[in-house]
Structures are given as C-alpha cells and as structure tokens.
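Chemist: Attaching a single structure in structure tokens format; questions to follow.
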Amino acid sequence: MRKFDDSLPLKLLKARETALNYFRPLLNEISLTEQQWRIIRALNEYGALESKQLAECCCILSPSLTGIIKRLEQKNFIQRQKSSEDQRRVLLSLTDHAQKVFDDVSPRFEERYATITERFGEKKMDEFKELLDFMAEI
C-alpha cells in the first residue's frame, strides 16, 4: 500500500481545499454555499436546465440538489418554469436578482482565478487543467 501522503484522493482533496480558500470569503459575503454558487454558474452559462441535467453538470447528487434548489428559490435566485416544448418538463433558471448578483460578483471571482494562476504559473495551470480533465475521463 502506498504511503498515506501519496494517496491520490487525499492530494486532490488538499488541492480542492486550497483552491476553495481563495473563493470562500467571497461566497460568505454573498451568503452562498459552494454548491449554490456552482448551480448559479451553471445556469448562467448553460441557461435553463432540468434538475437532472443540473445535478449532472454540477456533480451534485439529486437528493442533495432538491434541498439546494429549495433554498435558492427561497433566496430568489432560482425560478421554475414549464418547458414550452413539453409541459411535463420543469426547467430551472436564474432570476433577475441572481443574474445581478452574478454579474456584480463575477469580476471578483476572476481576480481570484488570476491570483491562483499567477502563483501557479499559466503554463502549469493549463497543464493541470488538462490533467484533471484527463483524470475525469478515465
């Protein structure tokens, strides 16, 4: 068995926590969790999605997503609407309030990304993202 410190899941977890330390203060300022922000980012980028699609692209289990969506609806960040193509489908989308918050805070998130990239190096960052994508495909 490999040494504890060489555990791939542990190294990935440590890297995730380090990265999130750059973003958590901003999330705390806007009173959103990491998962809530991930949902808002996905809906901003992809537009209205069904909950199953949202769960998949955000890497959130469906039972957990149900509660997160409920809380985001209570905060006026997400709205539900029936699909115009199929009335049985319910689509989730951002409210105007959520879009405004997203637009206001996004530049600050980008500043944090720039800081990480500066410290890590642009070439290494590109290679790291490629390796992570490759790992996710295995």
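Chemist: Can you tell me which of (1) farther than 21 Å from residue 13 by Cα; (2) assigned to a helix (DSSP H, G or I) is the one residue 84 doesn't meet?
Modeler: (2)
Chemist: Related question: Of the residues 77, 102, only one is modelled with pLDDT of 95 or more, of a type in the set (Phe, Trp, Tyr) and closer than 26 Å to residue 129 by Cα; which?
Modeler: Going through 77, 102 in turn, just one is modelled with pLDDT of 95 or more, of a type in the set (Phe, Trp, Tyr) and closer than 26 Å to residue 129 by Cα: 102.
Chemist: Pick out the one residue from 131, 94 that is of a type in the set (A, V, I, L, M, F, W, C), closer than 17 Å to residue 69 by Cα and surrounded by 10 or more Cβ atoms within 10 Å (Cβ to Cβ).
Modeler: That would be 94, the only listed residue that is of a type in the set (A, V, I, L, M, F, W, C), closer than 17 Å to residue 69 by Cα and surrounded by 10 or more Cβ atoms within 10 Å (Cβ to Cβ).
Chemist: How many of the residues in segment 58-77 are more than 16 Å from residue 95 (Cα to Cα), assigned to a helix (DSSP H, G or I) and aliphatic (A, V, I, L, M)?
Modeler: Matching residues across segment 58-77 total 1.
Chemist: Taking segment 1-32, which residues are in contact with an Asp or Glu (Cβ under 9 Å, 6 or more places away or on another chain), farther than 20 Å from residue 125 by Cα and touching a residue at least 40 places away in the same chain (Cβ under 8 Å)?
Modeler: Within segment 1-32, just 30 meets the criteria.
Chemist: For the structure I just gave you, tell me whether residue 85 is out of contact with any Asp or Glu (no Cβ under 8 Å at 6 or more places or on another chain) and open to solvent by 90 Å² or more (accessible area, probe 1.4 Å).
Modeler: Judged against the criteria, residue 85 is a match.
Chemist: When segment 117-128 is examined, which residues are found to be open to solvent by less than 80 Å² (accessible area, probe 1.4 Å) and closer than 17 Å to residue 11 by Cα?
Modeler: 125, 128
Chemist: Every residue in segment 33-55 that is within 15 Å of residue 103 (Cα to Cα), of a type in the set (A, V, I, L, M, F, W, C) and free of Cβ contacts under 8 Å to residues at least 24 places away in the same chain, please.
Modeler: 37, 42
Chemist: Next question. Restricting to segment 13-57, and then to whatever is aliphatic (A, V, I, L, M) and more than 30 Å from residue 90 (Cα to Cα), can you tell me which residue is most open to solvent (accessible area, probe 1.4 Å)?
Modeler: Applying the filter and picking the extreme gives 13.
The values are calculated or read from the model by the stated rules, or taken from the named source; none is laboratory data. All figures in this text were calculated on a predicted structure; none of them were measured in a lab. Note that we place each Cβ from the backbone using ideal geometry, even for glycine, and neighbour counts take in every protein chain shown. These area figures cover heavy atoms from the full protein model, side chains too; ligands, DNA and RNA do not enter into them. Shrake-Rupley method; radii C 1.70, N 1.55, O 1.52, S 1.80 Å.
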